[in-house]
1. Contact list please: Cβ distance under 7 Å, first residue in segment 131-145 and closer than 20 Å to residue 24 by Cα, second residue of a type in the set (Lys, Arg), pairs at least six apart or on different chains.
2. Name the one entry in 50, 33 that is more than 12 Å from residue 5 (Cβ to Cβ), acidic (Asp, Glu) and either at pLDDT 85 or above or surrounded by 13 or more Cβ atoms within 10 Å (Cβ to Cβ) (or both).
3. Within segment 345-371, can you find the residues that are of a type in the set (D, E, K, R) and loosely packed, with under 14 Cβ neighbours inside 10 Å?
4. Just give me the residues in segment 96-128 being under 29 Å from residue 206 (Cα atoms), buried (at least 21 other Cβ atoms within 10 Å of the Cβ) and modelled with pLDDT under 75, in sequence order.
5. Can you tell me which of 267, 324, 330, 343 is modelled with pLDDT under 95 and more than 15 Å from residue 199 (Cα to Cα)?
6. Can you tell me which residues in segment 293-330 are under 23 Å from residue 164 (Cα atoms), in contact with an Asp or Glu (Cβ under 8 Å, 6 or more places away or on another chain) and part of a helix (DSSP H, G or I)?
7. Based on what the data block shows, is residue 258 at positive phi and not aliphatic (A, V, I, L, M)?
8. Give, as residue ranges, the helices (runs of 4 or more DSSP H) completely inside segment 13-82 that count at least 1 residues that are over 24 Å from the mean Cα position of the chain (by Cα).
Amino acid sequence: MKIGIDTFLCGHGRSGAGSYLLSLVRNLPSIDDVQYELFGSEMDRFTYMDAGGPISYAGIKIHDSERAEVRWHLLHLSKFALKQKYDVVLFPSADQIIPFTFFIPSVIIVQDIVSQGLSENHAFRRRLKKYTLRHADALIASSNHIKKDLCSLGASAEKIEVIHPGIDHTLFYPHTEFEGDTVIIQPFSIKRPFIIYASRLSNAEKHHVELIKAFSLFKKKTGLPHRLVLAGQTGAYSDEVQKAALASDCASDILITGHFPHEHLPELYSCADACIVPSTAEGVGLPVIEAMATGITVACAKAGALPEFAGDCALYFDSDNIEEMASVIETAVTDEKVREKLEKSGFEWTKRFSWDKTAEKTVSVMQSVNC
(Lines give C-alpha, C1' and ligand atoms only; values in the text may rest on other atoms or scores of the structure.)
Protein backbone atom coordinates (compact mmCIF):
# COMPACT_ATOMS: atom_id res chain seq x y z
CA MET A 1 0.00 0.00 0.00
CA LYS A 2 1.41 3.37 -1.04
CA ILE A 3 0.12 6.45 0.77
CA GLY A 4 0.54 9.91 -0.78
CA ILE A 5 0.51 12.81 1.71
CA ASP A 6 -0.24 16.28 0.36
CA THR A 7 2.01 19.04 1.79
CA PHE A 8 0.54 21.84 -0.33
CA LEU A 9 -1.26 24.70 1.43
CA CYS A 10 0.35 23.83 4.78
CA GLY A 11 2.20 27.12 5.12
CA HIS A 12 5.67 25.63 4.56
CA GLY A 13 5.38 23.95 7.97
CA ARG A 14 4.64 27.20 9.81
CA SER A 15 0.83 27.17 9.84
CA GLY A 16 -1.43 25.11 12.08
CA ALA A 17 -1.83 22.53 9.30
CA GLY A 18 1.94 22.57 8.75
CA SER A 19 2.69 22.01 12.43
CA TYR A 20 0.17 19.17 12.49
CA LEU A 21 1.76 17.57 9.42
CA LEU A 22 5.27 17.82 10.85
CA SER A 23 4.18 16.09 14.05
CA LEU A 24 2.31 13.42 12.10
CA VAL A 25 5.30 12.70 9.83
CA ARG A 26 7.64 12.36 12.80
CA ASN A 27 5.41 9.67 14.27
CA LEU A 28 4.27 7.64 11.26
CA PRO A 29 4.41 3.95 12.22
CA SER A 30 6.76 1.68 10.31
CA ILE A 31 4.58 -1.05 8.75
CA ASP A 32 5.93 -3.72 6.40
CA ASP A 33 3.32 -3.33 3.66
CA VAL A 34 2.87 0.46 3.93
CA GLN A 35 4.96 3.00 2.03
CA TYR A 36 4.65 6.75 2.64
CA GLU A 37 5.42 9.49 0.15
CA LEU A 38 5.01 13.21 0.76
CA PHE A 39 4.37 15.39 -2.27
CA GLY A 40 4.32 19.14 -2.67
CA SER A 41 6.38 22.15 -3.67
CA GLU A 42 10.04 21.40 -4.36
CA MET A 43 10.96 24.23 -1.97
CA ASP A 44 9.38 22.25 0.90
CA ARG A 45 11.42 19.09 0.35
CA PHE A 46 13.66 19.63 3.37
CA THR A 47 10.93 21.21 5.49
CA TYR A 48 9.22 17.87 5.86
CA MET A 49 12.01 15.44 5.06
CA ASP A 50 13.99 16.82 8.00
CA ALA A 51 11.14 15.67 10.21
CA GLY A 52 12.38 12.12 9.75
CA GLY A 53 10.32 8.96 9.53
CA PRO A 54 10.02 6.21 6.88
CA ILE A 55 9.14 8.58 4.02
CA SER A 56 10.13 9.80 0.56
CA TYR A 57 9.29 13.13 -1.10
CA ALA A 58 8.03 13.91 -4.60
CA GLY A 59 8.83 17.54 -5.36
CA ILE A 60 6.79 19.56 -7.84
CA LYS A 61 8.06 22.76 -9.42
CA ILE A 62 5.29 25.29 -9.02
CA HIS A 63 4.92 29.01 -8.31
CA ASP A 64 4.77 29.74 -4.59
CA SER A 65 1.23 31.08 -4.35
CA GLU A 66 -2.10 29.81 -3.10
CA ARG A 67 -3.68 30.43 -6.50
CA ALA A 68 -1.08 28.28 -8.30
CA GLU A 69 -1.42 25.46 -5.75
CA VAL A 70 -5.21 25.52 -5.93
CA ARG A 71 -5.08 25.39 -9.73
CA TRP A 72 -2.63 22.45 -9.63
CA HIS A 73 -4.98 20.52 -7.35
CA LEU A 74 -7.95 21.10 -9.60
CA LEU A 75 -6.19 20.31 -12.87
CA HIS A 76 -3.24 18.02 -12.21
CA LEU A 77 -3.49 16.17 -8.90
CA SER A 78 -5.52 13.18 -10.08
CA LYS A 79 -3.14 12.48 -12.97
CA PHE A 80 -0.14 12.93 -10.67
CA ALA A 81 -1.55 10.55 -8.04
CA LEU A 82 -2.19 7.88 -10.65
CA LYS A 83 1.33 8.29 -12.03
CA GLN A 84 2.82 7.91 -8.54
CA LYS A 85 0.67 4.78 -8.03
CA TYR A 86 -0.83 5.98 -4.77
CA ASP A 87 -3.41 3.69 -3.22
CA VAL A 88 -4.65 6.42 -0.85
CA VAL A 89 -4.09 10.19 -0.67
CA LEU A 90 -4.15 12.10 2.63
CA PHE A 91 -5.07 15.81 2.67
CA PRO A 92 -3.96 17.50 5.94
CA SER A 93 -5.15 20.99 4.89
CA ALA A 94 -8.87 20.62 4.31
CA ASP A 95 -9.60 24.31 5.00
CA GLN A 96 -8.16 24.99 1.55
CA ILE A 97 -9.23 23.84 -1.93
CA ILE A 98 -8.87 20.15 -2.74
CA PRO A 99 -9.84 18.18 -5.88
CA PHE A 100 -13.37 18.32 -7.23
CA THR A 101 -13.30 14.61 -8.04
CA PHE A 102 -11.51 11.67 -6.43
CA PHE A 103 -10.02 9.03 -8.72
CA ILE A 104 -8.10 7.48 -5.83
CA PRO A 105 -9.37 6.79 -2.29
CA SER A 106 -8.88 9.98 -0.29
CA VAL A 107 -8.84 10.93 3.39
CA ILE A 108 -9.32 14.53 4.52
CA ILE A 109 -8.14 15.86 7.89
CA VAL A 110 -10.33 18.68 9.23
CA GLN A 111 -8.84 20.77 12.05
CA ASP A 112 -11.14 23.80 11.93
CA ILE A 113 -14.83 24.60 12.12
CA VAL A 114 -15.50 24.61 8.38
CA SER A 115 -18.88 26.37 8.49
CA GLN A 116 -17.34 29.51 10.01
CA GLY A 117 -15.40 30.33 6.88
CA LEU A 118 -17.92 29.39 4.22
CA SER A 119 -19.73 32.72 4.14
CA GLU A 120 -16.47 34.51 3.40
CA ASN A 121 -15.63 32.39 0.38
CA HIS A 122 -16.58 32.68 -3.25
CA ALA A 123 -19.74 30.78 -4.14
CA PHE A 124 -17.80 28.27 -6.27
CA ARG A 125 -15.47 27.50 -3.38
CA ARG A 126 -18.42 26.97 -1.05
CA ARG A 127 -19.96 24.43 -3.40
CA LEU A 128 -16.61 22.74 -3.99
CA LYS A 129 -15.81 22.46 -0.31
CA LYS A 130 -19.19 20.96 0.53
CA TYR A 131 -18.90 18.55 -2.39
CA THR A 132 -15.46 17.31 -1.36
CA LEU A 133 -16.48 16.87 2.26
CA ARG A 134 -19.42 14.76 1.18
CA HIS A 135 -17.59 12.67 -1.42
CA ALA A 136 -14.21 11.96 0.17
CA ASP A 137 -13.83 8.34 1.23
CA ALA A 138 -13.16 9.28 4.84
CA LEU A 139 -12.90 12.38 7.02
CA ILE A 140 -10.74 12.70 10.10
CA ALA A 141 -12.16 15.30 12.50
CA SER A 142 -9.79 16.60 15.15
CA SER A 143 -12.64 16.84 17.67
CA ASN A 144 -16.23 15.80 18.20
CA HIS A 145 -17.12 19.47 17.93
CA ILE A 146 -15.74 19.52 14.37
CA LYS A 147 -17.57 16.28 13.56
CA LYS A 148 -20.89 17.90 14.47
CA ASP A 149 -20.06 20.83 12.22
CA LEU A 150 -19.21 18.53 9.31
CA CYS A 151 -22.48 16.65 9.73
CA SER A 152 -24.35 19.96 9.62
CA LEU A 153 -22.78 20.54 6.19
CA GLY A 154 -24.06 17.24 4.85
CA ALA A 155 -21.08 14.95 5.52
CA SER A 156 -22.01 11.40 6.51
CA ALA A 157 -21.35 10.63 10.18
CA GLU A 158 -20.33 7.08 9.19
CA LYS A 159 -17.44 8.48 7.15
CA ILE A 160 -16.09 10.64 10.00
CA GLU A 161 -13.50 9.35 12.45
CA VAL A 162 -12.65 11.58 15.41
CA ILE A 163 -8.91 11.50 16.07
CA HIS A 164 -7.59 14.04 18.54
CA PRO A 165 -4.18 15.53 17.72
CA GLY A 166 -1.38 14.76 20.11
CA ILE A 167 1.07 16.92 21.97
CA ASP A 168 4.84 16.53 22.07
CA HIS A 169 5.59 15.40 25.61
CA THR A 170 9.32 15.79 24.99
CA LEU A 171 8.62 19.54 24.80
CA PHE A 172 5.53 20.04 26.92
CA TYR A 173 6.42 19.06 30.47
CA PRO A 174 7.07 21.06 33.66
CA HIS A 175 10.26 23.06 33.06
CA THR A 176 11.83 23.77 36.44
CA GLU A 177 15.15 25.16 35.25
CA PHE A 178 14.01 28.79 35.43
CA GLU A 179 14.65 30.53 38.72
CA GLY A 180 14.34 34.09 39.93
CA ASP A 181 11.84 36.85 39.31
CA THR A 182 12.56 37.25 35.61
CA VAL A 183 12.12 34.73 32.79
CA ILE A 184 14.57 35.22 29.93
CA ILE A 185 13.56 33.49 26.69
CA GLN A 186 15.28 35.34 23.87
CA PRO A 187 14.39 37.93 22.77
CA PHE A 188 11.99 38.37 25.71
CA SER A 189 12.57 39.19 29.35
CA ILE A 190 9.35 38.70 31.31
CA LYS A 191 8.94 39.56 34.96
CA ARG A 192 7.03 37.17 37.17
CA PRO A 193 4.28 36.57 38.20
CA PHE A 194 2.22 36.45 35.00
CA ILE A 195 -0.69 34.72 33.31
CA ILE A 196 -0.58 33.69 29.66
CA TYR A 197 -2.84 33.37 26.62
CA ALA A 198 -1.16 31.95 23.51
CA SER A 199 -3.24 32.49 20.39
CA ARG A 200 -3.06 34.40 17.13
CA LEU A 201 -4.68 37.84 17.14
CA SER A 202 -6.95 36.84 14.27
CA ASN A 203 -10.57 37.64 15.11
CA ALA A 204 -13.00 38.82 17.76
CA GLU A 205 -13.97 35.23 18.67
CA LYS A 206 -10.51 34.80 20.23
CA HIS A 207 -11.71 37.26 22.91
CA HIS A 208 -8.37 39.00 23.51
CA VAL A 209 -10.15 42.29 24.20
CA GLU A 210 -12.48 40.74 26.78
CA LEU A 211 -9.50 39.09 28.48
CA ILE A 212 -7.72 42.44 28.72
CA LYS A 213 -10.80 43.98 30.32
CA ALA A 214 -11.15 41.05 32.75
CA PHE A 215 -7.45 41.24 33.61
CA SER A 216 -7.79 44.97 34.34
CA LEU A 217 -10.76 44.27 36.62
CA PHE A 218 -8.82 41.48 38.34
CA LYS A 219 -5.89 43.84 38.95
CA LYS A 220 -8.15 46.61 40.27
CA LYS A 221 -9.93 44.25 42.66
CA THR A 222 -6.91 42.33 44.00
CA GLY A 223 -3.96 44.69 43.62
CA LEU A 224 -1.81 41.66 42.76
CA PRO A 225 1.42 42.20 40.78
CA HIS A 226 0.58 39.80 37.93
CA ARG A 227 1.19 40.61 34.29
CA LEU A 228 -0.72 39.42 31.23
CA VAL A 229 1.31 37.89 28.40
CA LEU A 230 -0.44 37.58 25.03
CA ALA A 231 1.76 35.32 22.91
CA GLY A 232 0.71 34.87 19.31
CA GLN A 233 1.18 36.00 15.76
CA THR A 234 -0.33 39.26 14.61
CA GLY A 235 -3.49 38.98 12.54
CA ALA A 236 -6.54 40.83 11.31
CA TYR A 237 -7.58 41.72 14.87
CA SER A 238 -4.18 42.99 16.04
CA ASP A 239 -5.09 46.68 15.94
CA GLU A 240 -8.16 46.14 18.13
CA VAL A 241 -6.15 44.19 20.69
CA GLN A 242 -3.39 46.81 20.73
CA LYS A 243 -5.95 49.59 21.28
CA ALA A 244 -7.57 47.70 24.15
CA ALA A 245 -4.19 47.08 25.79
CA LEU A 246 -3.15 50.74 25.51
CA ALA A 247 -6.51 51.91 26.87
CA SER A 248 -6.27 49.63 29.91
CA ASP A 249 -5.49 51.10 33.33
CA CYS A 250 -2.79 48.45 33.63
CA ALA A 251 -1.29 48.83 30.16
CA SER A 252 2.23 48.62 31.58
CA ASP A 253 1.46 45.11 32.82
CA ILE A 254 0.30 43.79 29.43
CA LEU A 255 2.88 42.29 27.05
CA ILE A 256 1.94 41.44 23.46
CA THR A 257 4.83 39.38 22.10
CA GLY A 258 3.82 38.86 18.49
CA HIS A 259 5.09 35.57 17.05
CA PHE A 260 6.47 33.35 19.83
CA PRO A 261 8.40 30.22 18.78
CA HIS A 262 6.27 27.14 19.47
CA GLU A 263 9.28 25.21 20.73
CA HIS A 264 9.74 27.76 23.54
CA LEU A 265 6.09 27.90 24.59
CA PRO A 266 6.54 25.05 27.13
CA GLU A 267 9.10 27.13 28.97
CA LEU A 268 6.83 30.17 28.97
CA TYR A 269 3.85 28.11 30.14
CA SER A 270 5.89 26.52 32.92
CA CYS A 271 6.82 29.91 34.34
CA ALA A 272 3.24 31.24 34.31
CA ASP A 273 0.88 31.13 37.26
CA ALA A 274 -2.03 30.23 34.97
CA CYS A 275 -3.12 29.91 31.35
CA ILE A 276 -6.36 31.65 30.41
CA VAL A 277 -8.05 30.66 27.11
CA PRO A 278 -11.17 32.78 26.40
CA SER A 279 -11.63 31.80 22.73
CA THR A 280 -15.14 30.70 21.77
CA ALA A 281 -14.32 29.46 18.26
CA GLU A 282 -11.81 26.64 18.77
CA GLY A 283 -12.31 23.47 16.80
CA VAL A 284 -9.36 21.96 18.69
CA GLY A 285 -8.18 22.66 22.24
CA LEU A 286 -4.43 22.17 22.00
CA PRO A 287 -3.50 25.29 24.02
CA VAL A 288 -5.30 24.00 27.11
CA ILE A 289 -3.70 20.55 27.11
CA GLU A 290 -0.27 21.93 26.20
CA ALA A 291 -0.50 24.24 29.22
CA MET A 292 -1.75 21.43 31.45
CA ALA A 293 1.17 19.25 30.40
CA THR A 294 3.58 21.86 31.76
CA GLY A 295 1.92 21.61 35.17
CA ILE A 296 0.06 24.92 35.46
CA THR A 297 -3.55 25.88 36.22
CA VAL A 298 -5.84 26.35 33.22
CA ALA A 299 -9.07 28.32 32.90
CA CYS A 300 -11.00 28.50 29.63
CA ALA A 301 -14.25 29.39 27.93
CA LYS A 302 -17.02 26.83 28.13
CA ALA A 303 -17.37 26.91 24.36
CA GLY A 304 -16.27 25.19 21.15
CA ALA A 305 -14.01 22.19 21.60
CA LEU A 306 -12.32 23.49 24.76
CA PRO A 307 -14.45 21.47 27.24
CA GLU A 308 -13.84 18.35 25.14
CA PHE A 309 -10.09 18.78 25.53
CA ALA A 310 -9.96 20.17 29.08
CA GLY A 311 -12.47 17.80 30.69
CA ASP A 312 -12.83 18.32 34.45
CA CYS A 313 -9.29 19.64 34.72
CA ALA A 314 -9.94 23.34 34.13
CA LEU A 315 -11.95 26.26 35.47
CA TYR A 316 -14.65 27.52 33.11
CA PHE A 317 -16.21 30.91 32.40
CA ASP A 318 -18.42 32.81 29.97
CA SER A 319 -16.11 34.90 27.79
CA ASP A 320 -18.75 37.60 27.37
CA ASN A 321 -19.06 38.01 31.14
CA ILE A 322 -16.09 40.19 32.13
CA GLU A 323 -16.83 40.01 35.86
CA GLU A 324 -17.05 36.21 35.79
CA MET A 325 -13.79 35.92 33.86
CA ALA A 326 -12.03 38.26 36.31
CA SER A 327 -13.31 36.18 39.24
CA VAL A 328 -12.06 32.95 37.64
CA ILE A 329 -8.64 34.52 37.01
CA GLU A 330 -8.49 35.43 40.72
CA THR A 331 -9.36 31.84 41.72
CA ALA A 332 -6.81 30.43 39.28
CA VAL A 333 -3.91 32.40 40.79
CA THR A 334 -4.87 32.62 44.48
CA ASP A 335 -6.77 29.48 45.56
CA GLU A 336 -4.00 27.02 46.38
CA LYS A 337 -6.32 24.04 46.92
CA VAL A 338 -7.98 24.54 43.55
CA ARG A 339 -4.63 25.08 41.86
CA GLU A 340 -3.09 21.94 43.34
CA LYS A 341 -6.08 19.81 42.35
CA LEU A 342 -6.28 21.09 38.77
CA GLU A 343 -2.55 20.99 38.14
CA LYS A 344 -2.31 17.37 39.27
CA SER A 345 -5.39 16.15 37.42
CA GLY A 346 -4.53 18.18 34.31
CA PHE A 347 -1.04 16.77 34.08
CA GLU A 348 -2.38 13.20 34.25
CA TRP A 349 -5.18 13.98 31.80
CA THR A 350 -2.78 15.10 29.06
CA LYS A 351 -1.05 11.72 28.94
CA ARG A 352 -3.90 10.44 26.75
CA PHE A 353 -2.94 12.89 23.96
CA SER A 354 -0.07 11.31 22.03
CA TRP A 355 1.16 11.82 18.46
CA ASP A 356 2.04 8.13 18.32
CA LYS A 357 -1.62 7.26 18.86
CA THR A 358 -2.78 9.96 16.45
CA ALA A 359 -0.49 8.69 13.68
CA GLU A 360 -1.44 5.04 14.24
CA LYS A 361 -5.16 5.81 14.09
CA THR A 362 -4.70 7.98 11.00
CA VAL A 363 -2.91 5.19 9.13
CA SER A 364 -5.62 2.77 10.24
CA VAL A 365 -8.27 4.99 8.61
CA MET A 366 -6.26 5.08 5.37
CA GLN A 367 -5.92 1.31 5.41
CA SER A 368 -9.68 0.95 5.85
CA VAL A 369 -10.49 2.97 2.72
CA ASN A 370 -8.01 0.89 0.69
CA CYS A 371 -9.83 -2.36 1.39
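The values are calculated or read from the model by the stated rules, or taken from the named source; none is laboratory data. Everything quoted here is computed from the prediction, not taken from an experiment. Note that each Cβ is placed from the backbone with ideal geometry, even for glycine, and that neighbours are counted across all protein chains shown.
1. Every condition considered, the pairs that remain are 138/159; 139/159; 141/147.
2. Working: 50 fails: either at pLDDT 85 or above or surrounded by 13 or more Cβ atoms within 10 Å (Cβ to Cβ) (or both).
Of the residues listed, the single one that is more than 12 Å from residue 5 (Cβ to Cβ), acidic (Asp, Glu) and either at pLDDT 85 or above or surrounded by 13 or more Cβ atoms within 10 Å (Cβ to Cβ) (or both) is 33.
3. Scanning segment 345-371 gives 348, 351, 352, 356.
4. Answer for segment 96-128, where residues must be under 29 Å from residue 206 (Cα atoms), buried (at least 21 other Cβ atoms within 10 Å of the Cβ) and modelled with pLDDT under 75: 97, 98.
5. Of the residues listed, the single one that is modelled with pLDDT under 95 and more than 15 Å from residue 199 (Cα to Cα) is 267.
6. The one that is under 23 Å from residue 164 (Cα atoms), in contact with an Asp or Glu (Cβ under 8 Å, 6 or more places away or on another chain) and part of a helix (DSSP H, G or I): 306.
7. Answer is yes for this residue.
8. Answer list for segment 13-82: 66-75.
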